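Asker: Take a look at the following structure, please.
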Amino acid sequence: MADPTGILVIGERPENGGRQGMTLELLGAARKLATETGDAVDVLLLGATVPDAEANALLGYGVARVHALEHPLLGEYNPDLFITTVTEAVRRINPSIVLFGRTEMGQDVAPAMAFRLKTGVAMDCLELQVDAASKRLVMVRPVYGGNARAHYMVAQGRFPQVASVRPKTQDPAEPLPGGAGEVIRHQIELDQSLARSRQVSYQEWEAAEGVSLAAAEIVVSGGRGIGSAEAYREVIDGGAAIFGGAAGASKAACDAGYAPPGNQVGLTGQRVSPKLYVAVAMSGASQHLAGMGTSKNIVAINRDPDANIFKVSRF
């Protein structure tokens, strides 16, 4: 087999557990890496169908090749089928680096694929770099509840180098004029018997009104100190509406019944990186900081001058 080459972005499609805009964020990171490694950037898209318009649109972002894999069984996300499909596609394409988003699909597929390919993976990366000496990928991710950052490299000789990237931490790719890439459609054989699990029911958290928490550029969050569900609705929901942002909450506020579970931000909730994060009546527990510590600007409102949240807030 030829030496691995190129950077492969696993495209995120909302119908497959992805997050709108994640593909462009991954492309932004891939293109920065490519300026140092000299690699071409490819994208892999999976689904029951991959429309020409969707595939061709990506060629305008400096993509050399869009690899489209279509099969009726890929119309609904299933971890077993997607792991099998992505692993086979990566074997065929033979990239040096594979980038996933830290989404439902990315969290399932990235580590399982890396295991099958006998290589290494770093999950939930905040930053990707290139080692000057070896030109290998350096993956930076939070550790100890977000209190430190560790740098990882896949062992020499192991390919591909695999990373999943936290949403909202990378600048999305901008269109490039004169895209001259190509769309390659791959044939794949899949059978339902490959799926060792199946979805038997689906229960959605209470839908939050307004802007999606994962996509919001402004988040207003309340902690247990907000005092009541009524105060949460008035101050947090109301504040988020004024800013045109989304409402978040700490685990303690959700456990107390002040906020719906779907609003939880933290290690066991959603992880956000908005341009502005307003923390109201939050102590700043490490579990919560792990979910919002990468926000660009943090504003803390708290009566306790020694609250831990002030260690990370700008205002």
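Asker: Just grab the label-to-label distance for M153 and A57, each label 7 Å out from Cα along the Cβ direction, in nm (one decimal).
Answerer: So the two model labels end up 3.9 nm from each other.
Asker: So if the hydrodynamic radius of the stretch 165-282 is defined as the Kirkwood radius over C-alpha pairs, what does Stokes-Einstein give as its diffusion coefficient at 4 °C and 1.567 mPa s, in µm² per second?
Answerer: Numbers: Rh = 17.0 Å.
Translational D for this selection: 76 µm²/s.
Asker: Another question, if that's okay. Can you work out the FRET efficiency for the pair F315 and E174, with r the C-beta to C-beta distance and R0 = 35 Å, to the nearest 0.05? Could you put the intermediate results ahead of the total?
Answerer: On the way: r = 30 Å, r/R0 = 0.86.
Once the sixth-power term is evaluated, E becomes 0.70.
Asker: Among N263, P167, G47, pick out the residue whose Cα is farthest towards the positive end of the charge dipole of the chain, where Lys and Arg carry +1 and Asp and Glu carry -1 on C-beta, about the Cα centre.
Answerer: P167
Asker: On to the next question. D for the chain, whole µm²/s, Stokes-Einstein with Kirkwood Rh over alpha-carbon pairs at 10 °C and 1.306 mPa s: what number? Show your work: numbers first, answer last.
Answerer: Values: Rh = 20.7 Å.
My calculation gives 77 µm²/s for D.
Asker: How many Å² of accessible area per residue for the chain, probe 1.4 Å? Each step should come with its number before you reach the end.
Answerer: Details: 15290 Å² over 315 residues.
On a per-residue basis, 49 Å².
Asker: Given the chain, what percent of its DSSP beta bridges are antiparallel, to the nearest 5? All intermediate terms of the calculation are to be shown ahead of the outcome.
Answerer: Numbers: 9 of 51 bridges.
The antiparallel proportion sits near 20 percent.
Asker: Per DSSP H run of at least 4 residues, take -39500 (n - 2.57); add these up for the chain, divide by its residues and hand me the 222 nm value, nearest 500 deg cm²/dmol.
Answerer: Values: 7 runs with 69 residues, N = 315.
Estimated from H runs of four or more residues: -6500 deg cm²/dmol.
Asker: For the stretch 1-107, what % of the accessible area comes from carbon and sulfur atoms, probe 1.4 Å?
Answerer: Values: 1890 of 3790 Å².
The C+S portion of the solvent-accessible surface of the stretch 1-107 is 50 percent.
Asker: Give me the one-decimal nm value for the distance between modelled label points at S286 and I184, 7 Å along each residue's Cα-to-Cβ direction.
Answerer: Spacing of the two 7 Å Cα→Cβ label points: 4.5 nm.
Asker: Next up: Between T49 and I242, what is the label-point separation in nm under the 7 Å Cα-to-beta-carbon projection?
Answerer: Between I242 and T49, the label points sit 4.7 nm apart.
Asker: Could you work out what % of the accessible surface of the stretch 166-315 is carbon and sulfur, using a 1.4 angstrom probe and leaving DNA, RNA and ligands out of the count? It would help to have the intermediate numbers written out before the result.
Answerer: Values: 4420 of 8690 Å².
C and S fraction of accessible area: 51 percent.
Asker: For Q192 and D255, what is the calculated FRET efficiency with R₀ set at 25 Å and r taken between the beta-carbons, to the nearest 0.05?
Answerer: Values: r = 40 Å, r/R0 = 1.58.
Using R0 = 25 Å, I get an efficiency of 0.05.
Asker: Also, quick follow-up: What shape does the stretch 105-175 take by its C-alpha gyration tensor, where a ≥ b ≥ c are the square roots of the eigenvalues and a/c under 1.5 counts as rounded, a/b above b/c as prolate, and the rest as oblate? Kindly include the intermediate steps, with their values, before the conclusion.
Answerer: Working: a/c = 1.27, a/b = 1.17, b/c = 1.09.
Rounded is the answer for the stretch 105-175, as its axis ratio a/c remains below 1.5.
Asker: Right, something else. Any idea what the dipole of the chain comes to, in debye rounded to 20, about its Cα centre with Lys/Arg Cβ at +1 and Asp/Glu Cβ at -1? All intermediate terms of the calculation are to be shown ahead of the outcome.
Answerer: Values: 29 positive and 33 negative charges, 207 e Å.
The dipole of the chain has a size of about 1000 debye.
The values are calculated or read from the model by the stated rules, or taken from the named source; none is laboratory data. Everything numeric in this text was worked out from a predicted model, so none of it was measured. Positions of Cβ are backbone-derived with ideal geometry, glycine not excepted, and every protein chain shown enters the neighbour counts. With ligands, DNA and RNA removed, areas are computed over all heavy atoms of the protein, side chains included. Shrake-Rupley method; radii C 1.70, N 1.55, O 1.52, S 1.80 Å.
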